[in-house]
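The values are calculated or read from the model by the stated rules, or taken from the named source; none is laboratory data. All figures in this text were calculated on a predicted structure; none of them were measured in a lab. FYI the Cβ positions are ideal-geometry reconstructions off the backbone, even for glycines, and counts take in every protein chain you see.
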Amino acid sequence: MRYKELVTEATEQKLKHGSTRGHLGEFLLGGAIAAKFIKGNEDVTTSDVVSVLRSAGATDKLSAEFNTVGKDSVEFINIVTNPKNVADSMDTDALVSVMGNELEGAIKFANTFSEVKRLSKMFAQNSTVEKVVVKAAGEEDQKGTKADIFLYLRQPDGSLKVIRPISVKTGSNLVGQGSPRTFEGIQDMFADLGIQLSPIENYQENTDQHVKNIMQQVVRDLNAYTQGTSDTGEQRLVQQLGNFLNKHVGLNDPKLVVVNIGKGDYTTQKINTMIRNLPKVDL
């Protein structure tokens, strides 16, 4: 985690029971997506989403099942283990009073994101009985995925078929993390960006200064790719940036959508779209 994120987390307004906005963002977005599938082709309102959040928050497992405007059902499942996060998820009124802007952004996503709109309309209008599952699993012990929310269809045998994994960020531009506590940790992270760090003896004796020196090397190495008139260096930099984003943001999952909610709105990115657009950037 970067210094900026540490400062932000320390100073941002806490929720009533001690959680932060980042911890509850997926609960809000998951609730908004569930509400959209409940209403089908109709837009969801604040009261629709609050009703879903309240129903889930009234249960010990923070999960609830709903009937839709059609013949389908929607399961809203939350995997939350931290006691503070559980308490704030259950206290709907207090949650909404602090995170009203994030809730507004989540609602805009549910109403306007093309795939959610298309699927909710299709499920509501077709004659097939679907069982939609919206699972917010940010606190589940998962390996091999960066997703926080999963949109599933429950199969006749009870198994789940993934429709779309979603990574949620709440007012954050953090896209990758590497620990500077050990030299191996920071070395591995920058290796994914194509930067080779020389071994540093006694790294942990003066970690702060070593990290500053490493960052200076990183700046020099990245700037070197853009020097001169040849495009070869820039092409290599673009490729390495794409590889880094693919691993650290999406774990090579082409279906993953990154959603950032905050300030009453949202933004989305797909990693493969970002990679396709990188060559268009004038470096």
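Do we have any residue at all in segment 129-139 that's of a type outside the set (S, T, N, Q), modelled with pLDDT under 95 and under 14 Å from Asp265 (Cβ atoms)?
Within segment 129-139, none of the residues are of a type outside the set (S, T, N, Q), modelled with pLDDT under 95 and under 14 Å from Asp265 (Cβ atoms).
Here are some conditions: (1) surrounded by 17 or more Cβ atoms within 10 Å (Cβ to Cβ); (2) modelled with pLDDT under 95. Leu103 meets all but one. Which one does it not meet?
Only one criterion is unmet by Leu103, namely (2).
Any residue at all in segment 209-217 that is touching a strand residue (DSSP E or B) at 6+ places or on another chain (Cβ under 8 Å) and in contact (Cβ under 8 Å) with a residue 12 or more places away in the chain?
Going through segment 209-217, the residues touching a strand residue (DSSP E or B) at 6+ places or on another chain (Cβ under 8 Å) turn out to be none.
Among the residues of segment 209-217, not one is touching a strand residue (DSSP E or B) at 6+ places or on another chain (Cβ under 8 Å) and in contact (Cβ under 8 Å) with a residue 12 or more places away in the chain, which makes the answer no.
The conditions are (1) surrounded by fewer than 16 Cβ atoms within 10 Å (Cβ to Cβ); (2) within 30 Å of Val96 (Cα to Cα); (3) at pLDDT 80 or above, and Gly185 fails exactly one of them. Which is it?
Result: Gly185 fails condition (2) only.
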